[in-house]
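The values are calculated or read from the model by the stated rules, or taken from the named source; none is laboratory data. In this text, all values refer to a predicted model and were calculated from it rather than measured experimentally. For neighbour counting, all protein chains shown are included, and Cβ atoms are generated from backbone atoms with ideal geometry for every residue, glycine included. For the accessible areas, the whole protein counts, side chains as well, though only heavy atoms, and no ligand, DNA or RNA atoms are used. Shrake-Rupley method; radii C 1.70, N 1.55, O 1.52, S 1.80 Å.
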Amino acid sequence: MLKTDLKFDFNKTISYAEEMDQKDPIRHFRSEFHIPVNQEGKECIYLCGNSLGLMPKVVSEYVNEELTDWKNLGVEGHFHAKRPWMPYHEFLTESMANIVGAKPSEVVVMNSLTVNLHLMMVSFYKPTKERYKILVENNPFPSDRYAVESQLKFHDYDPTEGLIEMQPREGTEVIETQDILDTIEENKDSLALVMMGGVNYYTGQAFDLNRITETAHRFGINVGFDLAHGAGNINYNLHDIGSDFAVWCSYKYINSGPGGMSGCFVHERHHHNFDLNRFAGWWGHDKKTRFLMGPDFLPMSGAEGWQLSNPPILAMASLRGSMDIFDKAGMNQLRAKSLKLTSYMEYLINEIGNDRIGIITPEDPDQRGCQLSIRVSDSDKSLFNTLTDLGVISDWREPDVVRVAPVPLYNSFEDVWKFTDLLNKSLK
Ligand SMILES: *Cc1c(COP(=O)(O)O)cnc(C)c1O
């Protein structure tokens, strides 16, 4: 991975933030979102796009179109809606593939995230007597842990033995890439799968997916990534990274709305391997003959072949609306602004110079997305509560972290300035 070398001449004045906003080539995207307001009607400082992205204004239009087509066409909407429901998922594929840097044939939008994680493990976790273990990051998102543990149990392995969890070195929160690679090598004879987050939800650490994949594959171990906190945040090149699969949700950085659809990536090298285990459903069947309703399952060759059901069109419409904005902005532009915006926030937090708080997210820009995780000493949640009262929407993660994510699509440098100003005041 190329090292990102950043040099900024930040300063602490509000006029500097205003100047950065004026110079920001993508500042206009903010006006395409609804920004939540407090009781007095004043805009909140929304730093929670890592949890639920804001609503793009265009989404109402997209969802309403489908409601109108349903109202006027009934079942005929499958073929005659403005965007026919039959092939609706195809209207999402290319934009989603661009977001994660994959070929369109490698990506499908379907189901929700944890469901897809299970479907992928059905195909790519193939334990044998010797090789059955799964390596995960330190402190994975609970749902991922439950999913992985239940897969181990499903195959009659004891999770306390079958699950290997990375451990950070003494006195640090983040994991050294070399330690991950060494752990893979040390366990090369017993590992069946490496399953990691792209960005850890708690620390905000982004992992080196290229080197992890390369090392695991060298030992014949399958690799999958959960990009819930990476997709729409980091400009990945999933095809070149070459993992066997990846899954992500679209309601965090991709702004598709609560419980929105999940994206799923299956690398091209598996597209014609019909011997893989797979849980099947009719939407994965060859579309040319699906409606002959025959008894034999004939899967489509790409990622589409993993679909189960005819999809929820209203949720897809909402995602389609939000992806219009990604089509215009492009991940490279978003990431370029994000690198600046997050470094600026880091700079201002460090300038506060208060021992009660410390950033646990890596300083290296290649090892993080936009999120910064701020550890509060003595697990003092009152700081978070004060910030909330002052109109900052961030989140508290037990035991002692406030997560803040300045999102390049709709957060401004001024947002970041105001947040750190309020943080400073709250600490006094
Ligand atoms: C947000 C998130 C989830 C949530 O899973 P759903 O199936 O969408 O409810 C799972 N894993 C990770 C890593 C997440 O960040």
Sort the following peptides by mean Cβ neighbour count (other Cβ atoms within 10 Å, averaged over residues), highest first: 301-312, 29-40. 301-312, 29-40
How many angstrom lie between the Cα centre of segment 241-276 and the Cα centre of segment 145-220? 19 Å
Taking a straight Cα-to-Cα line shorter than 16 Å from LYS82, and setting aside same-chain aspartates and glutamates fewer than 8 residues away, one finds GLU61, GLU65, GLU66, ASP69, GLU90
Keeping all protein chains in place, calculate the accessible area per residue for segment 64-327 (probe 1.4 angstrom), answer in Å². 41 Å²
So which lysines can LYS153 reach, going by Cα to Cα under 19 Å and dropping same-chain residues fewer than 8 places off? LYS126, LYS129, LYS133
Which pairs, out of LYS103/LYS188; LYS381/LYS428; LYS7/LYS252; LYS23/LYS337; LYS12/LYS337, put more than 22 Å between their alpha-carbon atoms? LYS103/LYS188; LYS7/LYS252
Keeping all protein chains in place and using 1.4 angstrom, which order do TYR16, TYR88 fall into by accessible surface area, from largest down? TYR16, TYR88
Which aspartates and glutamates have a Cα lying under 16 Å from the Cα of LYS42, excluding residues fewer than 8 positions away in the same chain? ASP389, GLU414, ASP415
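Order the peptides 329-336, 18-25 from the highest to the lowest mean number of other Cβ atoms within 10 Å of their residues.
Final packing ranking: 329-336, 18-25.
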When a/c is below 1.5 the answer is rounded, else prolate if a/b is larger than b/c, else oblate, so apply that to segment 40-173 with a ≥ b ≥ c taken from the square roots of the Cα gyration tensor eigenvalues. oblate
Keeping all protein chains in place and using 1.4 angstrom, which order do ASP144, ASP189 fall into by accessible surface area, from largest down? ASP189, ASP144
List the residues of segment 304-318 whose backbone N lies under 12 Å from a point placed 7 Å from the Cα of ALA280 along the Cα-to-Cβ direction. 306
Difference of contour (0.36 nm per residue) and Cα-Cα distance, ILE14 to TYR146: 43.0 nm
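Does segment 64-327 classify as rounded, prolate or oblate by the C-alpha gyration tensor (a ≥ b ≥ c root eigenvalues; a/c under 1.5 gives rounded; else a/b over b/c gives prolate, otherwise oblate)?
Prolate, since a/c reaches 1.5 and a/b exceeds b/c.
To the nearest 500 deg cm²/dmol, what mean residue ellipticity at 222 nm is calculated for the chain from DSSP H runs of n ≥ 4 alone, each contributing -39,500 (n - 2.57), summed and divided by the residues?
Details: 14 runs with 156 residues, N = 428.
My calculation for the chain gives -11000 deg cm²/dmol from helical runs alone.
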